[in-house]
Structures are given as C-alpha cells and as structure tokens.
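What follows is a set of notes on a single structure, which appears directly below.
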Amino acid sequence: FARVVPSFRLQSRFDRHALNLSGEAEKIYYRRYTSDNVLNGRLYADGRYDLFRGTEITGQASYYAEHEDRGSPDAVNGQYPTPVFGNRQFLAGKHTEGPWLFSADVSRHQMIFKDVPGDNGVIIQNQGRNRTEYRASGRVGYELIQGYYALGQVSGNIRDYNLPVDYNGVDRSSRGYA
C-alpha cells in the first residue's frame, strides 16, 4: 500500500501568548484491495493565553473526517472502511503560587459513525455508536522537590450516546467519577 500525507502548520511567534493552526490530509492507496482506499482529513487549532505570571489558559479545537481501521473490533464486515466524523474541544487553566499548583480542564468529543454496506449487501447501521463524551478534572499539587509534585485529582466523565438505547435495548450512556 501507499500513504500520502500532505500537511501544514502555522505557529504564532508572540512573546507571551500562542496561537497555532495545523491540518493534514491522508490518502491511503491499496493496489489489491481498492475498496479500502480512503481519504482522511484533520484540522487543529490550539492556543495559550498568559493572564499573568504563573497563570495561563489553554485551549484546543479539532475536526476530523477519518475511516475506521479494518483491525478495529467494531468494524464488522463492511464492504469498505467505516467513515467517522468528529470534533473535539479542550479548555484548561493552570495557576502556580509558590510551591502550589492548581489546574482544571474540561473537554468534549463528538463522534459520528456512518452506515456502510456489509459484505452480504445488508446495510450495517452505526447510529448506535454515535456519541458525545465530556470530561472534567481538577488538580491540586505541592512541589516537594524542583519539578516533582504531590498531586490530588478529581475527575468525572459523561458518555452520552445519541440513541436512548442501542439495537439490543441497552442504554450505553454512562457517568463516572474518580
């Protein structure tokens, strides 16, 4: 097989803050299994805003259009790889005060899986896999030795499937914390 990946990256050169934009297209060609030929694309934007000494806010947003790998346990006998579309957002803040470190972050990841025809001609329905995942965490740390922290962390997540129940009648949505 052959893989071609043109990409770009634009980076700011600000003294204090940062803003970056990048992207890539990925074309995969197979000589023998041409139904597995795919075109994937990804766009990323990220940045950092320095509020004042020791305090910053960072963020990232991305969009992708990809295809599920044939080796995935979820890719079951499709005539071609399953298209997957998604987007991610991430926001974090960090503050240091002497030996203390305080940070928090939140993220969102949405995934949409398209239907594909199966080897037997029947459409493989993937709407039951479409979901949005949310995560949040907070950390407090104390620097014991230069660069080494004792940390405490709390985190939580929500996995929200688009369908209230899957094709087997199971509610796959969940909530968790640690």
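The values are calculated or read from the model by the stated rules, or taken from the named source; none is laboratory data. This structure is a prediction, so every number in the text was calculated from the model and none was measured. Positions of Cβ are backbone-derived with ideal geometry, glycine not excepted, and every protein chain shown enters the neighbour counts.
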(message) modelled with pLDDT under 95 and either closer than 21 Å to VAL116 by Cα or not aliphatic (A, V, I, L, M) (or both): is that true of PHE52 in this structure?
(response) yes
(message) Take the residues in the range 131-178 that are among the aromatic types (Phe, Trp, Tyr) and modelled with pLDDT of 90 or more; name whichever of them is surrounded by the most Cβ atoms within 10 Å (Cβ to Cβ).
(response) TYR161
(message) in contact (Cβ under 8 Å) with a residue 24 or more places away in the chain and part of a loop (DSSP other than H, G, I, E, B): which single residue out of VAL84, VAL76 fits that description?
(response) VAL76
(request) Take TYR142 and decide whether it is touching a residue at least 24 places away in the same chain (Cβ under 8 Å), in contact with a Pro (Cβ under 8 Å, 6 or more places away or on another chain), of a type in the set (Ser, Thr, Tyr) and assigned to a strand (DSSP E or B). (result) yes
(request) Hand me the list of strands (runs of 3 or more DSSP E) wholly inside the range 1-73 holding 2 or more residues that are surrounded by 14 or more Cβ atoms within 10 Å (Cβ to Cβ) and not hydroxyl-bearing (Ser, Thr, Tyr). (result) 18-29, 38-52, 55-67
(request) Provide a single number: the residues in the range 103-130 that are crowded, with 16+ Cβ neighbours inside 10 Å, in contact (Cβ under 8 Å) with a residue 40 or more places away in the chain and either assigned to a strand (DSSP E or B) or touching an Asp or Glu at 6+ places or on another chain (Cβ under 6 Å) (or both). (result) 4
